[in-house]
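Undergrad: One structure, pasted below without further comment.
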Amino acid sequence: MSQTGQQLTEREAALLTEYELIRNEVKKMGSLVAEINEEELDALTQSMRSVEQKLALVYTVFRSSIYAHLSQQEMANQASDTMSMYSEQFQTNCPPFD
């Protein structure tokens, strides 16, 4: 089978037909993926915002508990320093408690 001018062989015509079918399927898949992305993207974004807010809350509570713990330790150290300072200045004739 020879090709003359604009005529296509059967094989070329079949190949072009298959290419067109594949192109149509790829277009369908592309539009389906875009549709799914539009629908699920909003739900996913809302879900991620919720997770982000909860994580920020947990982070804040964690930081405040660490701050409270460190402040408590610092106050205990200051109290013990103050007590040791006063105990050095204060002298008594009483025997120590056992």
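Only the coordinates and a few stated rules stand behind these numbers; no lab work does. Quick caveat: nothing in here was measured; it's all calculated off a predicted structure. Because the Cβ atoms are built from the backbone with ideal geometry, glycine has one as well, and the counts that use them run over all protein chains shown.
Undergrad: With +1 on each Lys and Arg Cβ and -1 on each Asp and Glu Cβ, how big is the dipole of the stretch 14-77 about its Cα centre, in debye rounded to the nearest 20?
TA: Values: 6 positive and 10 negative charges, 69 e Å.
Rounded to the nearest 20 debye, it is 340 debye.
Undergrad: Go from 0 up to the bin containing the longest alpha carbon distance in the stretch 1-52, width 10 Å each, and give me the % of pairs per bin.
TA: Going out from 0 Å in 10 Å bins, the stretch 1-52 shows 21, 23, 18, 15, 11, 8, 3 percent.
Undergrad: While we're here: Taking the simple approach of a point 7 Å from Cα along Cα-to-Cβ for both LEU8 and ALA56, what is their distance in nm?
TA: 5.8
Undergrad: Still on this structure: Stokes-Einstein diffusion coefficient for the chain at 4 °C in a medium of 1.567 mPa s, Rh from the Kirkwood formula over Cα pairs: what value in µm²/s?
TA: Estimated via Stokes-Einstein, D reaches 58 µm²/s.
Undergrad: Which of GLN72, VAL61, SER31 sits farthest toward the positive end of the charge dipole of the stretch 2-79, with +1 on the Cβ of Lys and Arg and -1 on the Cβ of Asp and Glu?
TA: GLN72
Undergrad: If you don't mind, another one. So, R0 is 41 Å and r is the distance between the beta-carbons of VAL33 and ILE66; what FRET efficiency does that work out to, to 0.05?
TA: My answer for the efficiency is 0.35.
Undergrad: Measure nothing fancy, just the Cα-based angle from helix 10-89's long axis to the longest principal axis of the chain, in degrees from 0 to 90, nearest 10.
TA: That works out to roughly 0 degrees.
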